[in-house]
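One structure below.
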Amino acid sequence: MSAYFEAFFALHRDLPREGPGEAADVAWAASVAGTSATAQIADVACGPGADIAALLAAAPQGHVTALDKTAHFVDQARAGWAPDPRVTVLKADMASIANSYDLIWCAGAVYFLGVTEALSAWRKSLRPGGSIAFSEPCWFTDAPSDRMRAMWADYPAMTDAAGIDARVEAAGYRTLGTRRVSDAAWEAYYGPLDARIAALRPGADAALTQVLDEAEEEAACWRAHRREAGYLLSVVAPR
Ligand SMILES: C[S@@+](CC[C@H](N)C(=O)[O-])C[C@H]1O[C@@H](n2cnc3c(N)ncnc32)[C@H](O)[C@@H]1O
């Protein structure tokens with residue numbers, strides 16, 4: 001593992017979540033999707049498993065299959081949910097999901113594949129009447145600040161709500177509903193990250209200092225410019 005990735009995991013190891021989100025997002029998406037109490041749900045790119053409790057709350061007699069490609073996050077999610085027969089945690093690649101589901105939930109990871117590509121790949125994994133809910137980086141203005149542009153420079157395909165909808169349509173889906181991921185959801189990610197940054201600062205080497213500086217700037221940029229860009233949560237279903 002490179003010094004950078006070691007430093008990245010020193011910062012991210014055992015955080016409660018790896019991106020913005022809150023239980024209200026899951027409840028809203030399940031309601032828009034018409035998720036039943038017995039639904040089979042996939043939590044794709046689950047990270048440490050922060051959304052599993054809310055997914056089970058939406059389908060208390062159902063089952064959640066949570067998967068991620070990163071071994072540490074899989075272990076963390078398993079540690080939290082191992083005794084619960086309603087949850088299975090898998091180390092797997094989201095490009096090839098096994099089985100089929102009533103709801104595929106994907107918080108903050110569709111961009112690794114692309115919206116159209118992910119929805120196209122997951123279509124065979126949807127049961128009849130099934131839906132997909134995903135959060136995706138989104139411009140809220142067509143004139144963002146230079147600072148916010150720099151923050152998202154490594155995702156040049158980032159678009160606005162209309163652009164996300166066009167990518168949904170291109171995959172043969174229709175959008176059932178959208179809403180912006182809330183400030184509280186972002187703070188649920190950045191709050192614990194702030195505390196970890198402060199704890200790791202004393203004695204940090206060059207690689208760790210770089211990672212801490214980047215994370216600190218990301219949170220500061222979002223707090224200063226959060227009306228310019230964020231995540232859009234979309235619930236979609238095949239046409
Ligand atoms: C921004 S984090 C979001 C994690 C989680 N959904 C959350 O909100 O806390 C993105 C996650 O995608 C996972 N990931 C990236 N590429 C993946 C792939 N090809 N298959 C499965 N998981 C992947 C990473 O390991 C990471 O846990």
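A few points about this structure:
- Flag for A133 being touching an Asp or Glu at 6+ places or on another chain (Cβ under 8 Å) and hydrophobic (A, V, I, L, M, F, W, C): no
- Residue in region 69-82 that is within 22 Å of R179 (Cβ to Cβ), among the charged types (D, E, K, R) and more than 10 Å from the ligand (Cβ to nearest atom) present: no
- Some residue of region 177-187 being touching a residue at least 60 places away in the same chain (Cβ under 8 Å), open to solvent by less than 60 Å² (accessible area, probe 1.4 Å) and under 22 Å from R123 (Cα atoms): yes
- The lone criterion from (1) within 22 Å of C46 (Cβ to Cβ); (2) polar (S, T, N, Q); (3) touching a strand residue (DSSP E or B) at 6+ places or on another chain (Cβ under 7 Å) left unmet by S182 is number (3).
- Among residues of region 96-151, those that are of a type in the set (G, A, S) and within 16 Å of the ligand (Cβ to nearest atom), counted: 12
- Residues in region 11-33 that are of a type in the set (D, E, K, R) and farther than 10 Å from A185 by Cβ: R13, D14, E18.
- Residue check for A215: assigned to a helix (DSSP H, G or I) and within 20 Å of G108 (Cβ to Cβ): yes
- Among (1) buried (at least 22 other Cβ atoms within 10 Å of the Cβ); (2) more than 15 Å from the ligand (Cβ to nearest atom); (3) assigned to a loop (DSSP other than H, G, I, E, B), the one test that A30 misses: (3)
- Candidate set from region 33-54 (those that are part of a loop (DSSP other than H, G, I, E, B) and away from the ligand (no atom under 13 Å from the Cβ)); member that is surrounded by the most Cβ atoms within 10 Å (Cβ to Cβ): T35
- Scan of region 2-27 for residues that are open to solvent by less than 30 Å² (accessible area, probe 1.4 Å) and outside any helix (DSSP H, G or I), ordered by number: L15, R17, G19, P20, G21
The values are calculated or read from the model by the stated rules, or taken from the named source; none is laboratory data. All values reported here derive from a predicted model rather than from experimental measurement. Please note: Cβ atoms are built from the backbone with ideal geometry, for glycine as well, and neighbour counts cover all protein chains shown. Surface areas here come from the heavy atoms of the whole protein model, side chains and all, with no ligands, DNA or RNA. Shrake-Rupley method; radii C 1.70, N 1.55, O 1.52, S 1.80 Å.
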